[in-house]
Structures are given as structure tokens and as C-alpha cells.
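The values are calculated or read from the model by the stated rules, or taken from the named source; none is laboratory data. Just so you know, these numbers come straight off a predicted model, no measurement behind them. Virtual Cβ from ideal backbone geometry, glycine too; neighbours counted across all protein chains shown.
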Amino acid sequence: MAKYSARYALQDWTAARGGNPIMAGMSGVGGKEHHLLGVTFDQHMLNADSNEGPDRPDAHFDLVEWDAWYADFKAQDLVVVVDDDLEDDSSANDRFMSRGEAGQ
């Protein structure tokens, strides 16, 4: 398993697979907003006009810039764990975990 937490290592890994950062706002306890983070490798998410019809995945997620995405990633103290066996595959399995959960 490879673990990514440094911005440019994570950004390079994502870009090498044609991916982009995505984020969804979620209401939290006490009215505090939290963000659900992810990366997408799905070309439908890149369709800015949303005219692809009902197959557009996870419409509540928005494409975001790396600066905003990584600020939330760091604030949430996360790491991305990737299955090494699939590293050359653009659809590699990745999981977002807390640093503690990932053993970092």
C-alpha cells in the first residue's frame, strides 16, 4: 500500500491518472460546515454544462482547485491509501483515511 499525504505527491499521483479533486459541502454539528473530499477519474465530472443527462455521477460533488481541496485535506488530517498492486491502473483503488487510522 502506498500512502499519500504531501500535496504535490498526491496531486502528481492524481494527475498522472487523469484525475481531479472534488468536494461536497455537508452540514455538521452546531451548524458548522464540513467537506467531503474525493478525487474523480470520471470524465463526466469534467462536463461543465452538466448536459450529459442522468448518468452524471454524484451531482453534489463539485470540481475544485487544489489549493482549497488540500487545505481541507490537511485540516481533516487525512491520508490517501492506494493499493500498490493497481498503481499502474488508472482506476486504482484509493481510500481516504485519518492519519491515525493509516498508522502515520
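Worth pointing out:
- The listed residues are ALA71, ALA92, and the only one of them that is surrounded by 12 or more Cβ atoms within 10 Å (Cβ to Cβ), under 17 Å from the mean Cα position of the chain (by Cα) and modelled with pLDDT under 80 turns out to be ALA92.
- Filter result (farther than 13 Å from PHE96 by Cβ, modelled with pLDDT of 85 or more and assigned to a strand (DSSP E or B)) within the range 14-39: ASN20
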